[in-house]
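Enquirer: Input: one structure, supplied below.
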Amino acid sequence: DGGITQSPKYLFRKEGQNVTLSCEQNLNHDAMYWYRQDPGQGLRLIYYSQIVNDFQKGDIAEGYSVSREKKESFPLTVTSAQKNPTAFYLCASSIWVGEQFFGPGTRLTVL
Amino acid sequence: AQTVTQSQPEMSVQEAETVTLSCTYDTSESNYYLFWYKQPPSRQMILVIRQEAYKQQNATENRFSVNFQKAAKSFSLKISDSQLGDTAMYFCAFMKQGGSNYKLTFGKGTLLTVNP
């Protein structure tokens, strides 16, 4: 089945640590996105990539980094510079302007 | 910059009844797309319905329909014959047509509870 997978489902981080969230898609989509969701908030865009080896900052990129070495993969690293990283993180992909397909999400908690 | 406003943080409806969720947006763009996404307790985001701004006809998908008022910048979602499985957070979203990216701007969501 085609789709988007995110791992892990739950992730715990100690303060000062970097952690990487995985996002993989087998939909052959060119564009991929990372969103952050906080209680009472909509989704906010962290980074997006429209093509391999290229990506752009979204609205809240500070404290995050990404890479896009393969079309299928778009990992997100939450660095120690991110002051409030506890949130639900959603990855999405799209083939054209229109519908974005979302993964199941990763819940990150800072201990 | 675009903004999307959902003025109803929470709503409830009885099973089999009809409910309407509100969404307004602000943009200077002429060509764009509007979406309603559903996020059930599993937290999986699911596309409910899509509307192209150049189309005058309101989109419908089974029990889901929209009332798109371009001049008023309003995009409400009507759910008919509500079912327990419709209980979810609903997000309205905006996407500019054309340009260099396919960025979605989301509202803060409306939590809909369908009661038996």
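Enquirer: Using Cβ counts within 10 Å as a stand-in for footprinting exposure, how do A:51, B:79, A:95 rank, fewest first? Walk me through the intermediate numbers first.
Expert: On the way: A:51 11, B:79 23, A:95 14.
Ascending number of Cβ neighbours within 10 Å: A:51, A:95, B:79.
Enquirer: Among A:49, A:67, what is the fewest-to-most ranking by other Cβ atoms within 10 Å? Working shown, then result.
Expert: Values: A:49 21, A:67 15.
So the residues, fewest neighbours to most, are A:67, A:49.
Enquirer: Using the Kirkwood radius built from alpha carbon pairs, what does the Stokes-Einstein equation give as D for the protein assembly as shown at 25 °C and 0.890 mPa s, in µm² per second?
Expert: Values: Rh = 18.2 Å.
After rounding, the answer is 135 µm²/s.
Enquirer: Something else: Could you give me the ³J(HN,Hα) list for segment B:40-50, computed from phi with Karplus coefficients 6.51, -1.76, 1.60 and θ = phi - 60°, whole Hz, x at Gly and Pro?
Expert: x, x, 5, 6, 6, 7, 10, 6, 9, 6, 10
Enquirer: What are the ³J(HN,Hα) couplings of segment A:11-22, residue after residue, when phi is run through the Karplus curve with 6.51, -1.76, 1.60 and θ = phi - 60°? Round to Hz, x for glycine and proline.
Expert: 9, 10, 10, 7, 4, x, 9, 8, 9, 10, 9, 9
Enquirer: For chain B, what is the relative contact order in percent, using Cα pairs closer than 8 Å and at least 6 residues apart in sequence? Please report the intermediate quantities before stating the final value.
Expert: Values: 283 pairs, mean separation 43.0, N = 116.
The value is 37 percent.
Enquirer: Mean projection of the alpha-carbon convex hull of segment B:17-88 over all orientations, in nm²?
Expert: Numbers: hull surface 20.3 nm².
In nm², the orientation-averaged hull projection of segment B:17-88 is 5.1.
Enquirer: For segment B:1-47 and segment A:56-84, what is the centre-to-centre distance using only Cα atoms, to the nearest Å?
Expert: The distance from the Cα centre of segment B:1-47 to that of segment A:56-84 comes to 27 Å.
Enquirer: A further question follows. Under 23 Å Cα-Cα from residue B:73, which lysines qualify once same-chain neighbours fewer than 8 residues away are excluded?
Expert: B:38, B:55, B:96, B:103, B:108
Enquirer: Based on the alpha carbon coordinates of chain A, what radius of gyration and maximum Cα-Cα distance (Dmax) apply, in Å?
Expert: 13.1, 39
Enquirer: Just want the ordering: A:7, A:22, B:28, from fewest to most Cβ atoms lying within 10 Å of their own Cβ. Don't jump to the answer; show the numbers that get you there.
Expert: Values: A:7 12, A:22 16, B:28 7.
Lowest count first: B:28, A:7, A:22.
Enquirer: Moving on to the next point. Name the residues whose placed amide hydrogens come within less than 5 Å of the amide hydrogen of residue B:49, ignoring near sequence neighbours (fewer than 5 apart) on the same chain.
Expert: B:36
Read-outs throughout are calculated quantities, based only on the coordinates presented, and are distinct from any laboratory measurement. All figures in this text were calculated on a predicted structure; none of them were measured in a lab. Cβ atoms come from the backbone with ideal geometry, glycine included; neighbour counts cover every protein chain shown.
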